[in-house]
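The values are calculated or read from the model by the stated rules, or taken from the named source; none is laboratory data. Since the structure is predicted, the reported quantities are computational estimates derived from the model, not experimental observations. Here the Cβ positions follow ideal geometry from the backbone for every residue, glycine too, while neighbour counts run over all protein chains shown. The accessibility values were calculated without ligands, DNA or RNA, using every heavy atom of the protein model including side chains. Shrake-Rupley method; radii C 1.70, N 1.55, O 1.52, S 1.80 Å.
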Amino acid sequence: MTNFKEEKTFLMIKPDGVRKGLIGEIIRRVEQRDLKVVALQMFHPTIEQIDEHYPKDEKWIRRLGQKTFATYEKYGLDPLKDFGTNDDLKMGKMVRQWLVDFMTSAPLVKAVIQGVHAVDMVRKIVGPTIPANAEMGTIRGDFSVDSPAQANKEKRAVSNLVHASETPEEAKHEIELWFGNEPVHEYKRFGVDE
Ligand code: IDP
Ligand code: MG
């Protein structure tokens, strides 16, 4: 019987994950949790593809800007001095552009992961966005050390190894974008599906 909580999510190993030689480790941690890799590929994205990947709606961009300002506040820095703005939307657009630059700087690995509560499970395995907030035992907690304050000062995206969909809606959009023309495979995993 199909488990009604079974779902698919999208995972991408970012340039730093690839360049640190962590492809195998990241996939291993996902498989270790009985989640199934149903599509997997290395590729070098275009600017246009990455631009489609990150949401374009104002709410998402503002949230990204707000996060950046929150980091600035926490570390006593002045965004107006460094970026010439206090506006969430303007700041969010800048960070989004840094992300596009970062994500096109090396090959990436993209994957579709299937399993019970796959979206939440993969987020849990990956850990929260900022490495310092990511617990040991998560991919980001164990292997990344970047600081958002430093990244913002250097006008670049925070290096945190992995991208993983945050919601089922985001997963649907991303799987369609990255695997729309390619096969996602069906198979039964020993000890999981039978
Ligand atoms: P997520 O990757 O944990 O889902 P999001 O908030 O969706 O995090 O942000 C997307 C990516 O943008 C992050 O993974 C990180 O690389 C980058 N990022 C987030 N906040 C900042 C920031 O304040 N400065 C620079 N880069 C950031
Ligand atoms: Mg996100």
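Below, the figures for the structure above:
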{"quantity": "Residue selected from region 94-103 under the condition touching a residue at least 60 places away in the same chain (Cβ under 8 Å) and closer than 22 Å to I175 by Cα, by the criterion surrounded by the fewest Cβ atoms within 10 Å (Cβ to Cβ)", "calculated": "F102"}
{"quantity": "Selected residue (only one of E182, E186, E166 is in contact (Cβ under 8 Å) with a residue 12 or more places away in the chain, among the charged types (D, E, K, R), open to solvent by 30 Å² or more (accessible area, probe 1.4 Å) and under 21 Å from V100 (Cβ atoms))", "calculated": "E166"}
{"quantity": "Residue list for region 131-167, restricted to those being within 12 Å of ligand 2 (Cβ to nearest atom) and either closer than 18 Å to Q66 by Cα or of a type in the set (F, W, Y) (or both)", "calculated": "A157, V158, E166"}
{"quantity": "Unmet requirement for K81, which otherwise passes all of (1) without any contact (Cβ under 8 Å) to a residue 60 or more places away in the chain; (2) within 16 Å of ligand 2 (Cβ to nearest atom)", "calculated": "(2)"}
{"quantity": "Any chance V116 is among the β-branched types (V, I, T), in contact (Cβ under 8 Å) with a residue 40 or more places away in the chain and open to solvent by 60 Å² or more (accessible area, probe 1.4 Å)", "calculated": "yes"}
{"quantity": "Residues of region 153-163 that turn out to be touching an Asp or Glu at 6+ places or on another chain (Cβ under 7 Å) and in contact (Cβ under 8 Å) with a residue 60 or more places away in the chain, as a count", "calculated": "4"}
{"quantity": "Filtered residues of region 124-143 (kept if open to solvent by 10 Å² or more (accessible area, probe 1.4 Å) and in contact (Cβ under 8 Å) with a residue 60 or more places away in the chain)", "calculated": "I125, T129, F143"}
{"quantity": "Filtered residues of region 140-152 (kept if assigned to a helix (DSSP H, G or I) and within 10 Å of ligand 1 (Cβ to nearest atom))", "calculated": "R140, P148, A149, Q150, A151, N152"}
{"quantity": "Test set (1) in a strand (DSSP E or B); (2) in contact with a helix residue (DSSP H, G or I) (Cβ under 6 Å, 6 or more places away or on another chain); (3) open to solvent by 20 Å² or more (accessible area, probe 1.4 Å) - A39 fails condition number", "calculated": "(3)"}
{"quantity": "A164 being within 19 Å of R28 (Cβ to Cβ), of a type in the set (G, A, S) and within 13 Å of the chain's Cα centre (by Cα)", "calculated": "yes"}
{"quantity": "Lone qualifier among E166, E182, E176 - being in a helix (DSSP H, G or I) and either over 25 Å from G21 (Cβ atoms) or at pLDDT below 95 (or both)", "calculated": "E176"}
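One line per residue, one yes/no per condition, for (1) closer than 15 Å to K124 by Cα; (2) in a helix (DSSP H, G or I); (3) in contact (Cβ under 8 Å) with a residue 60 or more places away in the chain:
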site	(1), (2), (3)
V18	no, yes, yes
G21	no, no, no
I26	yes, yes, yes
E31	yes, yes, no
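Residue by residue, here is whether (1) outside any helix (DSSP H, G or I); (2) near ligand 1 (Cβ under 10 Å from one of its atoms); (3) in contact with a helix residue (DSSP H, G or I) (Cβ under 9 Å, 6 or more places away or on another chain) holds:
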position	(1), (2), (3)
E73	no, no, yes
D82	no, no, yes
R96	no, yes, yes
D120	no, no, no
